[in-house]
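Asker: Could you have a look at this structure, given as structure tokens, before my questions?
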Amino acid sequence: MPEYMNIQNVLGVKVKEAVQVIFGVELPQVEFQPTRKDFEGDVTVVVFPMLRFVKGNPEQIGRQIGQFLVDGIGSVSGFNVVKGFLNIVIADAYYLEFFSGIKAIEGYGLVPRTDTGAIMVEYSSPNTNKPLHLGHIRNNLLGYSVSEILKASGKKVYKTQIVNDRGIHICKSMLAWRKWGNGETPESTGLKGDKLVGNYYVAFDKAHKAEIAKMVADGADAKLAEKEAPILLEAQKMLQQWEAGDEEVVALWKKMNGWVYAGFDETYKALGVDFDRLYYESDTYLLGKDVVAAGLEKGVFYRKDDGSVWIDLTDEGLDEKIVLRSDGTAVYMTQDIGTAIQRVKDYPDIGGMVYTVGNEQDYHFKVLFLILKKLGFSWAGRLYHLSYGMVDLPSGKMKSREGTVVDADDLMIDMTRTAAEISRELGKLEDYSEEEKQVLYKMIGLGALKYYILKVDPKKRILFDPEESVDFQGNTGPFIQYTYARIQSILRKAEGVASDWSNGAETRPLHIKEKELIKQIQLFPETIQLAAENYSPALLANYVYDLVKEFNSFYQQVPILGEVDEQKKILRVQLSKKVGEVIRSAFALLGIEVPTRM
């Protein structure tokens, strides 16, 4: 059934035909919107935009087009016009035919993969001097979900991250461990490796502040003391030794990074995210210098008197940007230019890239994408910065150096604990074994966390309230999971009910709640495509909530298993089943599991 019988596509063609036949005008496009609840109809055509092409009274124009549709499309059973809005009533038979066509489709709404223009999605990209925190959770959930949604829309996707495993930040942790670690390891302390290394990053910061305070007390300028504190100078020397290939420093760097990678892997597994390819800054930090040299020859870049290399973007409303220091060393922009080019070399089928990075880097990515365009790369026009806002807790802002971050592992454990406490209060799990309860608590807790974050538009800042997120009512993950479990209960009780209706059931009138539910199911394929085009899991998350609200209204107002008419019962059971399948599919794209019992 092409495009799942999208009625708007059919109506769009017919409305244009109506305008051509009645008014002799070619209409470039038709504007639709959902019919308001207080008017009869299923789809509304907005007449006002047509007045640029068709002269006349908008109500009269609407009535003429409406009659043309009733006469020419069997699926249109009626219409009404309110001012400049043509409300079209779609026949029940259309919805029954549609549902009959999709009810047995496995993976309804998911598009088979095409082999043109793969997309690489970068997310996570942590520093190796500390564990992942709440901000990383939003980053990972967004990047993973966008990857899965793009796959569902038909795209081939490569998930990647670039691990920031070099620089002064890791040297600070290394130096602190060498000074005060006494050889301790993750095994000897029982700590995850990323947590152990993060503790030494905090220890360095405390020691650095103490030295600054002493220098200031002795009469030094505060800013000068910050730059010239002995421990910071030691860390800078260690970085120079690493870049020079000092065997002892490199060995320590490998050992401590190894601890961190093992810790990250545990967190990623618990969070349910994965990657196809990892890039490491220690491998990529020299990339891009040859591109700068080539750009100089082409006149894309220019050299200043001190030998540094720049690009002038003032004509594009930006500023001048350095791409190579006067001593010949690269800056982050140089590295990002080189890494992007390297990725296309590694994966020649890449047609675009998505960078999941916080909104504090908005300007950086505007510059990066513009430079790549000026360098002549055809794929540069298909780069996207998935910019997102900060995540706050009621307790306030996080600070990594001071050790006040919300640790990702701890948060996931706390969410599971919160889910357990609320579930016990509700008393819903008396017949579960302890093992079954623990699995369910984790599913509810992580589902609550993921949904609460993903339902918000990526660009918006979030105030994350753990207890609010685990509420079993309202726009929450647990509410949707509970509805899915309710549907599975219905299906278990309906095992003896047939799956196909007959005896002219396809021509019978639909209950308004049946019709509204089918209309909501019909939106699922379109919602996946919109979420992919906008790189926004929030569109999908809120669609599922609307579907669940519609199902619960249907469940409360229409008998399902208690229906005496066998044909109605079959339809309602099948409707319930398809809603469950859509919930499961949509939540899988958000990285959320659904329980069969709650």
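The values are calculated or read from the model by the stated rules, or taken from the named source; none is laboratory data. Nothing here was measured: the structure is a model prediction, and the numbers come from that model. So basically every Cβ, Gly included, is an ideal-geometry build from the backbone, and we count neighbours across all protein chains shown. Please note that ligands, DNA and RNA were not included when accessible areas were found on the heavy atoms of the full protein model with its side chains. Shrake-Rupley method; radii C 1.70, N 1.55, O 1.52, S 1.80 Å.
Asker: Does GLU506 fit the bill of being in a helix (DSSP H, G or I), at pLDDT below 95 and in contact with a Gly (Cβ under 9 Å, 6 or more places away or on another chain)?
Answerer: no
Asker: Considering only the range 241-277, state which residues are open to solvent by less than 30 Å² (accessible area, probe 1.4 Å) and within 21 Å of TYR451 (Cα to Cα).
Answerer: Answer for the range 241-277, where residues must be open to solvent by less than 30 Å² (accessible area, probe 1.4 Å) and within 21 Å of TYR451 (Cα to Cα): THR267, TYR268, LEU271, VAL273.
To keep it simple, each residue is scored yes or no on (1) touching a strand residue (DSSP E or B) at 6+ places or on another chain (Cβ under 6 Å); (2) modelled with pLDDT of 90 or more; (3) surrounded by 14 or more Cβ atoms within 10 Å (Cβ to Cβ).
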{"residue": "SER423", "(1), (2), (3)": "no, no, yes"}
{"residue": "TYR432", "(1), (2), (3)": "no, no, yes"}
{"residue": "GLU467", "(1), (2), (3)": "no, no, no"}
{"residue": "ILE480", "(1), (2), (3)": "no, yes, yes"}
{"residue": "ARG486", "(1), (2), (3)": "no, yes, yes"}
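Asker: Being open to solvent by 60 Å² or more (accessible area, probe 1.4 Å), in a loop (DSSP other than H, G, I, E, B) and touching a Pro at 6+ places or on another chain (Cβ under 9 Å) is the filter here, so list the residues in the range 40-86 that pass it.
Answerer: Passing the criteria: PHE53, LYS83.
Asker: Given the residues ALA229, ALA203, ALA207, which is the only one that is modelled with pLDDT of 95 or more and under 37 Å from the mean Cα position of the chain (by Cα)?
Answerer: Going through ALA229, ALA203, ALA207 in turn, the sole match is ALA203.
Asker: Going residue by residue through the range 575-593, is there one that turns out to be of a type outside the set (Lys, Arg), touching a Lys or Arg at 6+ places or on another chain (Cβ under 6 Å), part of a helix (DSSP H, G or I) and at pLDDT 95 or above?
Answerer: Within the range 575-593, none of the residues are of a type outside the set (Lys, Arg), touching a Lys or Arg at 6+ places or on another chain (Cβ under 6 Å), part of a helix (DSSP H, G or I) and at pLDDT 95 or above.
Asker: Additional query: Just checking, how many residues over the range 140-185 are over 20 Å from ASP349 (Cβ atoms), open to solvent by 20 Å² or more (accessible area, probe 1.4 Å) and part of a helix (DSSP H, G or I)?
Answerer: 8
Asker: Considering (1) within 30 Å of GLY154 (Cα to Cα); (2) in contact (Cβ under 8 Å) with a residue 60 or more places away in the chain, say which one LEU132 fails and leave the rest.
Answerer: (1)
Asker: A further question on this structure: Is there a residue being free of Cβ contacts under 8 Å to residues at least 12 places away in the same chain, under 21 Å from HIS133 (Cβ atoms) and not aliphatic (A, V, I, L, M) anywhere in the range 410-418?
Answerer: yes
Asker: Here is a follow-up. Among what's in the range 87-110 and is in a loop (DSSP other than H, G, I, E, B) and under 25 Å from LEU530 (Cα atoms), pick the residue that is most open to solvent (accessible area, probe 1.4 Å).
Answerer: Out of the qualifying residues, it is GLU106.
Asker: Being within 19 Å of TYR95 (Cα to Cα) and either hydrophobic (A, V, I, L, M, F, W, C) or surrounded by 14 or more Cβ atoms within 10 Å (Cβ to Cβ) (or both) is the filter here, so list the residues in the range 21-38 that pass it.
Answerer: Residues satisfying the conditions are PHE32, THR35.
Asker: Can you name the residue in the range 304-328 that is of a type in the set (Ser, Thr, Tyr) and open to solvent by 30 Å² or more (accessible area, probe 1.4 Å) and, of all such residues, is farthest from HIS364 (Cα to Cα)?
Answerer: By that ranking, first place goes to SER326.
Asker: Would you tally the residues in the range 528-577 being open to solvent by less than 20 Å² (accessible area, probe 1.4 Å) and under 19 Å from the mean Cα position of the chain (by Cα)?
Answerer: 10
Asker: Inside the range 272-389, counting only strands (runs of 3 or more DSSP E) that do not spill past its ends, which hold 1 or more residues that are within 30 Å of the chain's Cα centre (by Cα) and not small (Gly, Ala, Ser)?
Answerer: The strands (runs of 3 or more DSSP E) meeting that bar are 277-280, 350-358, 383-388.
Asker: Any idea which of GLN529, GLN567 is in a helix (DSSP H, G or I), touching a residue at least 24 places away in the same chain (Cβ under 8 Å), farther than 20 Å from TYR452 by Cα and touching a Phe, Trp or Tyr at 6+ places or on another chain (Cβ under 9 Å)?
Answerer: Among GLN529, GLN567, only GLN567 is in a helix (DSSP H, G or I), touching a residue at least 24 places away in the same chain (Cβ under 8 Å), farther than 20 Å from TYR452 by Cα and touching a Phe, Trp or Tyr at 6+ places or on another chain (Cβ under 9 Å).
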